[in-house]
Structure formats: structure tokens, C-alpha cells
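Only one structure is covered here, and it is reproduced in the block below.
The values are calculated or read from the model by the stated rules, or taken from the named source; none is laboratory data. In this text the structure is predicted, and so the values were computed from the model without any measurement. Positions of Cβ are generated from backbone atoms using ideal geometry, with glycine treated the same way; all protein chains shown enter the neighbour counts.
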Amino acid sequence: MVDDIRRWSDELAHDPSSLVFLQLGEALRRQGQLDVALKIALRGLERHSHDVAAHDLVARIAVDRRDFMRAVEEWEIVLRLQPEHLGAMKGLGYISFRQGRLDDAERFLARAADGGAGTAVTNALETVRRSSGGAAESWLASDEIQPNDLNDSNVSNDPNESTDASDPSHSDDPNDPQRLFADLLVDDGQTALLLDANGFVLGGIYMDGDGMDVSQEIGAQLCGISEEVVRAMRHLDIGDWGSITFETHAAVIAMAPQTDGALVVVAASRATPLGLLRRLLDRCGERAASWIGAGGRES
Amino acid sequence: MSVFTSTLEALTRQRGVRASLIVSESDGLIIDARLRYGQDGERVAALAASLYRKARLSASAARLGSVAFLQLDAERGRICAAGRPLHWTPDGAIGSDLVIVVVADPAANVGLIRMELLKAVETLA
């Protein structure tokens with residue numbers, strides 16, 4: 001990705017009128033460099049003001065920046081230029097729903113569904129149609145539509161997708177594995193996961209900044225780090241590893257191994273002191289050990 | 001003497017620091033290092049670079065942003081690493097594939113090492 005960004009960057013510097021700004025802006029958006037992505041997209045839009053993809057890119061960056069007004073403006077332009085654009089319909093449906101305009105959400109999603117947007121949108125539409133209170137919240141919390149997945153290429157056609165994904169953070173069942181660490185997390189920005197040796201989620205939940213459950217994705221990605229750590233430990237002769245902590249521009253993350261290759265992952269906002277994060281990791285590790293020891297039940 | 005000499009010496013002066021290295025993340029080769037007697041710098045460099053790279057790629061794939069600091073705690077030692085990953089700004093691509101790595105005793109003051117590392121990473125081109 002870094003190589004791609006460098007290459008696209010060079011290409012754009014060489015030819016400012018190139019459409020490569022679309023790929024560069026999207027890559028930067030996916031990396032979370034939203035301010036830079038927006039600048040790239042807006043510069044491209046200045047030269048390609050009738051380019052549908054450019055307006056769509058600006059809209060998706062705007063959603064990631066929580067600038068819904070700008071996103072709506074851009075997607076409305078997209079639909080004027082290309083009335084059958086599924087990504088714009090889904091995006092406007094998503095924002096309408098977030099803003100409580102269920103009639104508008106239904107209208108946009110219905111258009112998207114009619115246009116062949118796939119099972120996920122059809123299911124979301126059904127949920128919106130029967131939405132009231134909790135059901136609507138469940139849809140918003142589900143993975144069916146996310147602000148990062150509004151482009152057409154991410155439309156899911158999986159017929160097994162369910163509309164019944166409820167918001168696990170609102171579950172009251174104390175035996176719900178997703179609530180394994182719930183009482184240990186004292187801040188909205190804190191999140192914790194227990195992964196098995198293959199990176200599959202055993203317990204806990206990882207919510208992103210939008211309140212979406214991204215546990216499986218995060219688990220699968222971070223599991224690879226522990227494999228690399230184990231490999232390094234074999235060669236460095238500094239004993240078994242106890243934990244790894246890393247700071248990114250978005251969060252602080254700590255991980256510790258458990259029995260049978262399991263892994264506890266905790267994350268918190270960038271502002272969280274590392275010492276506090278380590279204490280949280282210790283407490284979650286103890287909870288995980290006791291939960292695993294009890295065969296997957298609260299002991 | 002290299003341009004990194006003072007940076008590495010400042011890091012190595014920290015209590016409990018066994019080695020400090022500047023490593024190329026892409027190939028794991030040492031650019032410069034200050035090692036205590038008996039430290040296998042090349043092995044540390046290769047493994048630390050690989051670990052940092054894996055953490056950076058995983059964090060990026062998980063949309064957590066780029067890794068600025070990493071700390072690995074083990075029974076008989078600690079590894080800390082910091083880098084300035086390549087990223088795009090309106091002025092062009094900036095950053096570096098260089099990573100500063102510190103190997104320290106388990107009892108070393110990680111808070112101080114982290115501060116020194118983050119300061120040192122600013123000196124990377």
C-alpha cells in the first residue's frame with residue numbers, strides 16, 4: 001500500500017490532471033489519513049468537476065470525517081450526474097437513517113435495492129421498514145451498512161446474511177461472550193477482545209469510533225502480530241513474551257497471550273495513558289484466563 | 001561517526017538499555033548501532049524490523065492508523081521500537097523506512113525510553 005501511495009503520488013505530481021487521484025484518495029481514506037485524502041480528492045474534483053467517482057470519493061471521505069452535510073451534497077450531485085449510482089443511494093440512505101429520516105432512508109434504500117444493490121441493502125431496507133426504536137438501532141449497529149462500505153464494490157451478495165444482528169453492546173445476558181469484559185471497560189473508547197489461536201473471536205467485542213462491531217476484522221488482522229512475536233522470541237532468547245503494546249495515530253493497543261494460543265487485545269483512545277492501558281490489559285487477561293478455565297462461562 | 005551517533009548515544013545512556021539500533025524496516029539491516037558486549041545486533045535488527053513491519057501492516061489493515069511506537073515485554077528483556085512511516089502530505093511523500101530499536105532490561109524505565117525514542121524518531125529523514 002505504501003508503495004502504491006508513493007507511486008500514485010509521483011504520478012499525480014507528474015501529471016496533476018491524472019485520474020489517479022481517485023486511487024490515491026481512496027487509499028489514504030482507507031489508511032485513515034482523512035485530511036490529506038480530502039485535499040487530494042478536492043484538488044482532483046477541481047479539475048474533474050463532472051466526474052462521478054470524484055464526487056463519490058469526496059462523499060465517502062466526508063462520511064468518515066462525520067461531515068454528513070458535505071456527504072449529502074456530494075451524493076446528491078452524484079445522483080444528478082448518474083441517477084442509477086448505487087453507492088450514492090446507499091450512502092444517502094445511511095445518512096438519512098442516522099438522522100432519523102426513516103422515510104428518506106427507505107426511499108433511497110428501495111431505489112438501491114431495485115437497482116440490484118444486493119442482499120445486504122434489501123435486508124437493511126426490510127429492517128428500516130419495520131423499524132421502531134430498538135430495531136432501528138440494531139440495524140445501525142449491524143454490519144449491513146457502514147460508512148466505510150458505501151462504494152459499490154463492497155455490496156454484499158451473501159444470501160446468508162441476516163437482518164437480525166442485534167447490538168451486542170446492549171445485551172443484558174451476563175453469559176453473552178461479547179460481554180466478557182464489559183464491566184472492566186470504564187470508558188466508552190475502551191474495547192477488548194479475546195481471540196483464539198486462529199484469530200477468531202472467542203469473547204468481547206471491538207467497536208470502532210462509529211459504534212460498529214469490527215471484532216472479526218480486527219481480530220484477524222492483529223492475530224498476525226502475535227505470530228510474529230512468537231517467531232521473534234524463539235530467536236532473541238529473552239524468554240516468553242508477556243505483552244505487546246503499540247501506539248497508532250488512532251488508538252493505543254495492547255495484547256497479551258493466554259493459554260492454548262489465545263490472545264487478549266485491548267484498545268483505547270490515543271489519549272489513554274499507556275500505564276492505564278496496561279492495567280486494563282492485566283485485568284482483561286485475568287478475566288479471560290478464568291473464563292477459559294471455566295470452559296467459556298463466567299466463573 | 002554517523003549522523004545518528006548522538007541519537008543512539010542518548011538512548012544508550014538510559015538506565016537498563018542494552019542496545020540501540022537504527023534499522024531499515026524493509027530489509028532488517030543495521031544502519032548504525034550501539035551495542036553492549038555480547039549483543040547480537042544483526043539478529044535483533046532483523047527481528048525487530050520484521051516485528052515493527054508486521055505491526056504497522058496489521059494496524060493499517062485494521063484501519064488503526066500507522067504505528068508510532070511499539071513495546072514488547074518478555075521475561076528477560078524488552079524491545080521498544082519507533083518509526084516514522086512513509087505517508088503522504090500535500091507537499092509529497094514524507095517519512096522513512098528507518099526504525100529506531102532499543103533492547104532493554106525488564107526493569108528499565110520504559111517511560112523514559114519511550115520519550116527518548118519519540119524524540120529521536122524526529123531526527124530520521
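Structural remarks
- Residues that are surrounded by 18 or more Cβ atoms within 10 Å (Cβ to Cβ) and within 14 Å of another protein chain (Cβ to nearest Cβ), drawn from segment B:18-34: B:Arg18, B:Ala19, B:Leu21, B:Val23, B:Glu25, B:Gly28
- Residue within segment A:24-42 that is at positive phi, modelled with pLDDT under 85 and assigned by TED's automatic domain parsing to the domain that holds A:Asp64 present: yes
- Test for A:Val52: is it more than 13 Å from chain B (Cβ to nearest Cβ), among the aliphatic types (A, V, I, L, M) and in contact (Cβ under 8 Å) with a residue 60 or more places away in the chain: no
- Matching residues in segment A:225-244 - criterion: being crowded, with 23+ Cβ neighbours inside 10 Å, facing chain B (nearest Cβ under 7 Å) and touching a residue at least 24 places away in the same chain (Cβ under 8 Å): A:Ile225
- Count of segment A:248-263 residues which are within 14 Å of chain B (Cβ to nearest Cβ) and over 18 Å from the mean Cα position of the chain (by Cα): 5
- For segment B:35-56, a tally of residues being surrounded by fewer than 23 Cβ atoms within 10 Å (Cβ to Cβ) and under 21 Å from B:Thr123 (Cα atoms) returns 2.
- Among residues of segment A:23-39 that are more than 9 Å from chain B (Cβ to nearest Cβ), those with a Cβ under 8 angstrom from a residue that is part of a helix (DSSP H, G or I) and of a type in the set (Phe, Trp, Tyr), sequence gap 6+ or separate chain, pair up as A:Gln23/A:Trp8.
- Considering the conditions (1) modelled with pLDDT of 85 or more; (2) under 11 Å from the mean Cα position of the chain (by Cα), B:Arg13 is excluded by exactly one of them, (2).
- Options A:Glu76, A:Glu106; residue that is under 23 Å from A:Leu22 (Cβ atoms) and at pLDDT 80 or above: A:Glu76
- 3 or more residues modelled with pLDDT of 90 or more and of a type outside the set (A, V, I, L, M, F, W, C): qualifying strands (runs of 3 or more DSSP E) within segment A:181-299: A:241-248
- On the stretch given as segment A:182-202, residues that are among the polar types (S, T, N, Q) and surrounded by fewer than 19 Cβ atoms within 10 Å (Cβ to Cβ) total 1.
- Count of segment A:211-224 residues which are of a type in the set (A, V, I, L, M) and more than 7 Å from chain B (Cβ to nearest Cβ): 3
- Residue tally, condition within 23 Å of the chain's Cα centre (by Cα), surrounded by fewer than 23 Cβ atoms within 10 Å (Cβ to Cβ) and not in a helix (DSSP H, G or I), over segment A:95-118: 3
- Selected residue (criterion: nearest to the other protein chains (Cβ to nearest Cβ)) from residues of segment B:105-125 that are surrounded by 14 or more Cβ atoms within 10 Å (Cβ to Cβ) and among the small types (Gly, Ala, Ser): B:Ala108
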